[in-house]
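For reference, the structure discussed in these notes is given below.
The values are calculated or read from the model by the stated rules, or taken from the named source; none is laboratory data. Keep in mind that this is a model prediction, so the values were computed, not measured. Heads up, the Cβs are rebuilt from the backbone with ideal geometry, glycines too, and the neighbour counts pull from every protein chain shown. The area values use the complete protein model at the heavy-atom level, side chains included, leaving out ligands, DNA and RNA. Shrake-Rupley method; radii C 1.70, N 1.55, O 1.52, S 1.80 Å.
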Amino acid sequence: RSPSISQRPSSAPGCSRAQMARRKQSSSSRGSEHQPGSVNQNIVVAIRIRPLSTKEAEAEERDEASSIGRWNFDEHRIVQETECTEAVYWFDRIFPPSASTNSIYVSMARDIIKSAVVDGYNGCVLAYGQTSSGKTFTMLGEGKHLGITPLAIKDVFAHIAKLGSSRQFRVRASYIEIYNEEIHDLLTDDASDNMSDKPTTQAKSQTPKLRGGTGAVYIEGLSEKEISSVRQALRLIVQGEERRKVAATDWNDHSSRSHTLFRLYITAIDGAKRTDSVLYLVDLAGSECIGQLGNQTRRSECKQINRSLHALSRVILTLAQSVEPSQTGSRRSTPDNGRRNLEPHVPFRDSLLTRILQPALGGNCRTAIVCTMTPAWCHAEETVNTIRFAMRAQHVVLQPEVNVVMGHEDIIERQEREIASLKRQLKAVRPLCHGSAEAEDQVEALQEELVRCNKVMDQQAVEIGDWQRRSQVAQAEQVDQRSVSDSPDVQMKPPEKESIGVLQRKLQRLRARAAQQHKDALDSKQKTAVLEQQVRDMRLSVTSKGSTVSWQHVVPDLASVVQAVEAGDQSQGCGAEARSS
């Protein structure tokens, strides 16, 4: 098939050329040299087109599918051509069948891996597509053709080797699979028992469980292996792949029947600064048509796979609609037009897969998705579903941040800066509150609160100093006893954090009081200005009438004059003069 694209009029259900240009301009921050900081970024999406297999080529020739329709593509768009219509889809990048996995890694994932090790960002690389479209080959590779996961591991330890003289690194790995909506640890010694068709009671009790609340997800009972080289990491991958569920299908003799997530936990210590980042390397199972399956076991597997992939599509659709509803290509309408501005509910809890990937899809992470497809026209329906998923995913906006772990000294330093800022705000409010007894009392109360906060800070600093001295003494004692005994190191408990929490709440109340004081001062100043203007107008009126009433007599009677005006009393001369003025 020729990769050229027809120039006849076409309908674009996805992004237009102008929208794609705006996306490229807004995504310029995702260059090869990423700058640290919190910047909104879209999910980077690419399409990988694999060559036709022998079975697909025979089916194409037998059914004469080329006369029905075909796929054309170039660097940024795919065209679905049929006898009557033509649909154009735009993406960040489209890789032809001749593209190598290494070129895909350099274009899509290398910068994400570097930012995770060097800067401390979370990262995710995910492969999505129908069954037998090349997802596992893209993520793991085959033979001498390395996949994205081995290439990422090599780059992780290459960056660690460059920064090893200035930083201390610790790398841990975990490998899980989600099979029939159950989590299986592929690195534990009894993983084969947990994955059996009839697990024992002991295996069930050791099955990892998903835990976590809002914004925090972790897997209880998951084994994490500490690694220090590329060879150790690759051995863990081989160990996990030997235990992964695979089966033969009509189009693939070794089709993955489960989703796998290989995660790297990277801790970097640079002096007093510490960063913790997580890398997600995800190989999803492929979608299939249940009607074409005869085996009951295969039907059950396919049902669970399609259910989790449908939940993933719903999450992507909701996230995309909440950002740019007009660019997602979806035909769904909002049920209540009066609630468009409300943040929609994202159904992360509908599946284990979406719950585990919640940080990567809708939170603090830099994410890239490689959607794989086959150009065989017999899979056109599944290919269109994959393309629509990719179109929606590229509109999802993330906000990655550097994952800095703060110590006691950092917390105290930050709180001191907040106290200094509050003092500056009080100095700015004091001139506005001059002359108001109530305002002066409030300012004095705030100053007393600042003094109490400073005392708490001093006490906290003394506690931390005592804790550090006790730790040094304990370490010195351990050095003396090391030659005699191999007992574990003495662990000194850090001081209680209750005082820090109390201090933070006091600082919040102090900030709120300062803001309210500033607002009250402004209101008082405005009321004073209005009253002075009214007094000046009354003085001019009295002077123009030639009245001998002095200014000191007018001001005390101002309230009675206003009451007379409101009551409409025509008999009082002073009220009449006020009405005329």
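When the residues of segment 388-413 are filtered to those that are open to solvent by less than 80 Å² (accessible area, probe 1.4 Å), of a type outside the set (Asp, Glu) and assigned to a helix (DSSP H, G or I), which remaining residue is modelled with the lowest pLDDT?
His408
Testing Leu353 on (1) open to solvent by 80 Å² or more (accessible area, probe 1.4 Å); (2) at pLDDT 80 or above; (3) assigned to a helix (DSSP H, G or I), one condition comes back false. Which one is that?
Going through the list (1) open to solvent by 80 Å² or more (accessible area, probe 1.4 Å); (2) at pLDDT 80 or above; (3) assigned to a helix (DSSP H, G or I), Leu353 breaks only (1).
Determine which single condition His379 fails, assuming it passes every other condition in (1) surrounded by 16 or more Cβ atoms within 10 Å (Cβ to Cβ); (2) modelled with pLDDT of 85 or more; (3) not small (Gly, Ala, Ser).
Of everything listed in (1) surrounded by 16 or more Cβ atoms within 10 Å (Cβ to Cβ); (2) modelled with pLDDT of 85 or more; (3) not small (Gly, Ala, Ser), His379 misses just condition (2).
Conditions: (1) surrounded by fewer than 22 Cβ atoms within 10 Å (Cβ to Cβ); (2) touching a residue at least 60 places away in the same chain (Cβ under 8 Å). Ala158 meets all but one. Number of the miss?
Of the numbered conditions (1) surrounded by fewer than 22 Cβ atoms within 10 Å (Cβ to Cβ); (2) touching a residue at least 60 places away in the same chain (Cβ under 8 Å), the odd one out for Ala158 is (2).
Sort through Lys497, Lys493, Lys525 and tell me the only one that's surrounded by fewer than 10 Cβ atoms within 10 Å (Cβ to Cβ) and modelled with pLDDT under 75.
Going through Lys497, Lys493, Lys525 in turn, just one is surrounded by fewer than 10 Cβ atoms within 10 Å (Cβ to Cβ) and modelled with pLDDT under 75: Lys493.
Quick test of your reading of the structure: Val443 fulfils all but one of (1) at pLDDT below 70; (2) open to solvent by 60 Å² or more (accessible area, probe 1.4 Å). Name the failing condition by number.
(2) is the only condition that Val443 fails.
When Ser287 is evaluated against the numbered criteria (1) among the hydroxyl-bearing types (Ser, Thr, Tyr); (2) out of contact with any Gly (no Cβ under 9 Å at 6 or more places or on another chain); (3) at pLDDT below 90, which criterion, by number, is the only one it fails?
So the condition that Ser287 fails would be (2).
Considering only residues that are among the β-branched types (Val, Ile, Thr), closer than 22 Å to Gln358 by Cα and out of contact with any strand residue (DSSP E or B) (no Cβ under 6 Å at 6 or more places or on another chain), which ones fall in segment 377-410?
Val396, Val402
For segment 418-440: of the residues being small (Gly, Ala, Ser) and closer than 19 Å to Ser524 by Cα, which is modelled with the lowest pLDDT?
The selected residue is Gly435.
Across segment 161-192, which residue is farthest from the chain's Cα centre (by Cα) among those that are of a type in the set (Gly, Ala, Ser) and surrounded by fewer than 19 Cβ atoms within 10 Å (Cβ to Cβ)? So that I can check it myself, show each step before the final result.
Looking only at segment 161-192, we keep the residues that are of a type in the set (Gly, Ala, Ser), and these are 161, 164-166, 173-174, 191-192.
Subsequent filtering for residues that are surrounded by fewer than 19 Cβ atoms within 10 Å (Cβ to Cβ) retains 161, 164-166, 192.
Working: Ala161: 28, Gly164: 28, Ser165: 31, Ser166: 29, Ser192: 34 Å.
Across segment 161-192, the extreme among qualifying residues is Ser192.
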